[in-house]
Amino acid sequence: MEIRPIFASLRKHRIPAILIVLEIALACAVLCNAVFMIGKRVGDIGMSNAIDESGLSVISLDGTDPKLAASDIPRNLAALRGIAGVQAVGATSTVPLSGNNWGWSFGLKSDSLVSDKGNTNLTLYFLGAGADQALGLQLKQGRFFNADDYADSSMGSAALPVTHVTIVTESVAAQLWQGKSALGQVLYSKPSYYTVVGVVANVLRPYASTRSAQRSYAATFFPLRAESTLSSYVLRSAPQDRARIVREAEQKLGEVNPSAVAKGQTFSDIRDKYFADMRSMAWMLVLVCVVMLAVTAFGIVGLTSFWVAQRRRQIGIRRAVGATRGDILSYFRTENFLLTGMGVVIGMVLAFGINVYLMQHYEMDRMPWYYLPGSAIALWLLGQLAVLGPALRAAAVPPVVATRSA
Amino acid sequence: MFTYYLELAVRSLRRNKVLTTLMVLALGLGIGACITTLTVLKLLSGDPLPQKSAQLFYPQLDPFPLDGYVAGETKPQPIMTYTDAMNLLHAHKATHQAAMAMTNAKIASLRANAHPFYSDGVMTTSDFFGMFDAPFQYGGGWSAGDDDSRAQVVVIADFLNDKLFDGANSVGRTLRINDHDFRIVGVLKHWAPQPRFYAQELGGRSYGDGDAVFLPLHSARAAQMGAGNDNCFDTIIDLKNLETAPCIWLGVWVQLDSSSAVSDYKKFLANYAQQQIALGRFHRADTGLPDLMQWLRDEMVVPDDVRLQAGLAFGFLLICVINTVGLLLAKCLRRSPEIGVRRALGATRRTIFAQFMIEAGIVGLAGGVLGLIFAELGLFGIRHQPAEYASLAHLDLAMFAFTFVVAIVASLIAGLLPAWRACVLAPAPQLKAG
């Protein structure tokens, strides 16, 4: 296909051509960044979490008398165990993505203080006996806590538990003791110290970080005997039983603890709630992209139709002197290909610029390079699709038009 | 003349219904998206206390150890230890001063056998209500004497009063909070500053409903009520005694009425930090005293996503405007013969220009009306989102008017190029071709 005549004709219709190029460029720039943001959010929403999410229900019990915890908690657990369909129960201090976090910063030297610069901030999950199974933690190395660990642990109103054992996530193990086995290593915060006895697959913290996976999985587990810190009850069941179990468990805990407040939800609800804002932002971005592409496509259709109408006579002449329908069709398609091409080149530069700006002013990562050609191809396809209708109409112009006066 | 152009414009727009619909629809979508996101942005970045915000300041100190400190880079801590908060309060260097922490209050139901429930509470000191202009429906706040004597008193919000007492005057009644009895001394009128500026960094949401109960700090602490956020910087033995622990958990606000009072207070803070360094309590000398709006900016209280959405919507509107330029241009060039005839019959360039600008304006007006519908739809959608500010998303009068400004400006900009092209058209060749 000869493209020189196309350029010659475009030069004569400079303004409509520039408008199409500009529109494509803007659409390309917005599309790149929007799709990148959608991808990031979809990734965050799907962050993996190595507990049995689909079978978990969580009941939080607040406002109990701390002095009675030693007898209340076993009684509450027994009551929950009696609910039909419950496979395992346990008490914990908090659960992933609940927003309720207790963190502390630990060092690797025996004289590490909480305020030391090189420390790592870790979430502390306190587990009552049986909670590891109820949560469905996946042991990768070492062991879970045993009966002695639970019996020998306490917390009171201190910031750190009285015990000497801890379990860490794989991410913590890899971060703190690169390459070495984490088992037997020690976390220090003077005067407390904790020896790692087990490593579990990555569990999310109560607050997940959208910036770094490493920070999202910076969690540790400690054994704790029946104390008031254990205010979340986790129940494991078949997924379809969860709604009923939440209802019954809430009611049962309310009955045995009349002065406390029991609130239950399935873990799926907790996850949905945590990521709700992110999900609605992702949908909003999708909506904008779709509408924007539609507007762009209609813009191309409109301008090209006008163009075709204006050049009916020329098309007729070309047909009369021997051009086939295919020639006319490919003329308009090539023209659109060239215009879109110029548009996406400018658009890619613009998209890169916007990404750099967003990185400076917002929590945003660098856009991987493949988003650029990706949206370029998408817009090229869109352009070809949009131009098809008007181009077919142009191809249908009969040669006889040439002989009529315009 | 104007009515004649109007008639011409309407006739021209009706001649090509598809193209006109396309233009109005695109413009309407762009404007709708812009107004929706701008309404939310305006709402979230608004001034929570317009009549008072310029006089409210948020002192900041830094009791943390020297480890990790970078001179000139490390910002003072966002909240305070109990010791520092009380020292600032007792110094009485400002017109008003109050310390506060957020808490989760267990409130007993008044009905027999009903379960208690949890509500948001504020533990604070007596100046809180006067300083923040919190309006009372019944009764009033408590006194500085009540603070010191740990009086078991409480101020409740209108919605809690409605829920528990059906809106009746409940001053003097008793409310059981965290298993302790508190006497109601005041009932607020509806009061929910947006953003909830005083809760920043204290562990609470930034938008949404107001707080349900307000209790004297010392009395609430005596009832074992916890603080929403505590951050400890040294080894601690007992978290229950936050008053003596090396932890920051309180926010302090002061009212300063003149710029000289502000500079005096800055000096006072700097001196205080130096004095604490001399005593060995502090290791860092930095202090801060942002005013309310500056504090909200420092805190970046408006979610990133909301600002991104507004930017995105403007990008989208720009695309829609370019689209309209293209389509208007196409329409106008198609009418070249008509323009030729009008020019030949004596119409000046100016009148042709005016005619086409009016046509663009009509498209803009229609786009504005459609945009308004889209914006209402968009805001309806946002109200059904899970975000904490969702219920606040309503179009106000200013934004309503602004919609039409945006619509007309956008369409006139879009109309400029086509109108100019139309008026510079030489009439003769058009007539010949026709």
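Here the dipole of the protein assembly as shown is about 5440 debye; that uses its Cα centre as origin and unit charges on the Cβ of Lys and Arg (positive) and Asp and Glu (negative). Which listed residue (B:Gly121, A:Ile83, B:Val341) has the Cα farthest towards the positive end of the charge dipole for the protein assembly as shown, taking +1 on Lys and Arg C-beta and -1 on Asp and Glu C-beta about the Cα centre? Of the options given, the answer is B:Val341.
Using the Cβ of B:Ser206 as centre and a radius below 10 Å, the other residues enclosed give a net charge of 0, where K and R count +1 and D and E count -1.
Could you tell me which trypsin sites (Lys or Arg not before Pro) in region B:3-89 are loop residues by DSSP with no more than 16 other beta carbons within 10 angstrom of their beta carbon? Within region B:3-89, the qualifying trypsin sites (Lys or Arg not before Pro) (loop, at most 16 other Cβ atoms within 10 Å) are B:Lys52. Stokes-Einstein diffusion for region A:53-274 at 4 °C, viscosity 1.567 mPa s, with a Kirkwood radius from C-alpha pairs, works out to 73 µm²/s. Dividing the helix sum by the residues of chain A, where each DSSP H run of 4 or more adds -39500 (n - 2.57), gives a mean residue ellipticity at 222 nm of -16500 deg cm²/dmol. Mean per-residue shielding of peptide B:57-67 is 1, counting Cβ atoms of other chains within 10 Å of each Cβ. Hey, quick one: spin label on A:Asp111, modelled 7 Å out along Cα-Cβ, who in region B:42-77 has an amide N within reach, i.e. under 20 Å? The answer is B:65-69.
Taking 51 Å as R0, compute the FRET efficiency from the Cβ-Cβ separation of A:Lys12 and B:Ile373 and round it to 0.05. Provide the component values of the computation, followed by the final result.
On the way: r = 40 Å, r/R0 = 0.79.
Step by step, r from the Cβ atoms, then E = 0.80.
FRET efficiency for the pair B:Arg14 and B:Asp291, taken as 1/(1 + (r/R0)^6) with r the Cβ-Cβ distance and R0 = 35 Å, rounds to 0.05. Over chain B, what portion of Cα pair distances is larger than 34 Å, expressed as a whole percent? So the portion of pairs separated by more than 34 Å is 51 percent.
Rounded to the nearest 20 debye, the dipole magnitude of region A:53-274 is 440 debye, with +1 charges on Lys and Arg beta carbons, -1 on Asp and Glu beta carbons, and the Cα centre as origin. The antiparallel fraction among DSSP beta bridges confined to chain A stands at about 75%.
Just check region B:53-298 against the gyration tensor rule for me: Cα atoms, a ≥ b ≥ c as the square roots of the eigenvalues, rounded for a/c under 1.5, and otherwise prolate or oblate depending on whether a/b exceeds b/c. Prolate, since a/c reaches 1.5 and a/b exceeds b/c. Considering the protein assembly as shown at the alpha-carbon level, its Rg and Dmax are found to be 33.9, 105 Å.
Spatially, region B:280-324 and region B:29-67 are offset by 8 Å when compared through their Cα centroids. The value of relative contact order for chain B, using C-alpha pairs under 8 Å at least six residues apart, is 28 percent. Basic side chains Lys and Arg get +1 at the Cβ, acidic Asp and Glu get -1 at the Cβ, and with that the dipole of chain A about its Cα centre reaches some 2440 debye. Over chain B, DSSP H runs of length four or greater, each weighted -39,500 (n - 2.57), average out per residue to a 222 nm ellipticity of -16000 deg cm²/dmol. Using modelled amide H (1.01 Å from N, peptide plane; none on Pro or chain starts), what sits under 5 Å from the amide H of B:Ser109, excluding residues fewer than 5 places away? Long-range HN contacts for B:Ser109: B:Phe117. By the beta-carbon count within 10 Å of each Cβ, the least crowded to most crowded order of B:Lys432, B:Lys106, A:Lys273, fewest first, is B:Lys432, A:Lys273, B:Lys106.
Based on alpha-carbon centroids, what's the gap between region A:85-130 and region B:160-213 in Å, whole number please? Spelled out, the Cα-based centre of one part sits 33 Å from the other. Spin-label model, A:Gln384/B:Phe117: points 7 Å from Cα along the beta carbon direction are separated by 6.0 nm. Considering only B:Ala134, A:Val168, A:Trp307, and ranking their Cα positions along the charge dipole of the protein assembly as shown that arises from unit charges at the beta-carbon of Lys, Arg, Asp and Glu, the one farthest toward the positive end is A:Trp307.
Arranged from fewest to most other beta-carbon atoms within 10 Å of their beta carbon, B:His90, A:His164 become B:His90, A:His164. Within 10 Å of the Cβ of each residue in A:17-25, the mean number of Cβ atoms contributed by other protein chains is 4. Please give the helix B:397-424 orientation as an angle from the longest Cα principal axis of chain B, in degrees from 0 to 90, rounded to the nearest 10. Roughly 30 degrees, rounded to the nearest 10. Where both residues lie in the protein assembly as shown, what percent of DSSP beta bridges are antiparallel, nearest 5? Around 80 percent antiparallel, to the nearest 5. Dipole of region B:53-298 computed with +1 at Lys/Arg Cβ and -1 at Asp/Glu Cβ about the Cα centre; of B:Pro76, B:Met102, B:Leu175, farthest Cα towards the positive end is B:Leu175. Taking 0.36 nm per residue of sequence separation and removing the Cα-Cα distance, the B:Leu365/B:Val405 pair yields an extension gain of 13.5 nm. Taken along the Cα-to-beta-carbon direction at a fixed 7 Å, the label points for B:Tyr69 and A:Tyr362 span 3.7 nm.
For chain B, the longest principal axis of the Cα atoms and the long axis of helix B:304-334 meet at an angle of about 10 degrees. Applying both filters, DSSP loop and at most 14 other Cβ atoms within 10 Å, to the chymotrypsin sites (Phe, Trp or Tyr not before Pro) of region A:329-406 gives A:Tyr362, A:Trp369, A:Tyr370. Close Lys pairs in region B:53-298 (alpha-carbon distance under 17 Å; sequence gap of 8 or more, or different chains): 5. Tilt of helix B:259-279 relative to the longest C-alpha principal axis of chain B, in degrees (0 to 90, nearest 10)? The angle comes out near 50 degrees.
Going by the alpha-carbon gyration tensor, a ≥ b ≥ c the square roots of its eigenvalues, is chain A rounded (a/c under 1.5) or, if a/c is not under 1.5, prolate (a/b greater than b/c) versus oblate? Prolate shape, in that a/c is at least 1.5 and a/b is the bigger ratio.
Based on alpha-carbon centroids, what's the gap between region A:304-323 and region A:61-84 in Å, whole number please? When both Cα centres are located, 84 Å separates them. In chain A, Cα pairs under 8 Å separated by at least six residues give a relative contact order of 27 percent. Helix screen, chain A: DSSP H segments with Cα axial length of 30 Å or more and mean Kyte-Doolittle hydropathy at least -1.0 are A:14-45, A:276-310, A:325-361, A:371-395. Inter-chain Cβ neighbour count for A:298-307, averaged per residue, equals 6 (cutoff 10 Å, partner chain atoms only). Of all beta bridges that DSSP places with both ends in region A:53-274, some 75 percent have antiparallel geometry.
Computed on region B:53-298, with alpha-carbon pairs under 8 angstrom and 6+ residues apart, the relative contact order is 34 percent.
We did not get these values from a lab; they are worked out from the coordinates using the rules stated. If you're wondering where the values come from, they're calculated on a predicted model, not measured in any experiment. Positions of Cβ are generated from backbone atoms using ideal geometry, with glycine treated the same way; all protein chains shown enter the neighbour counts.
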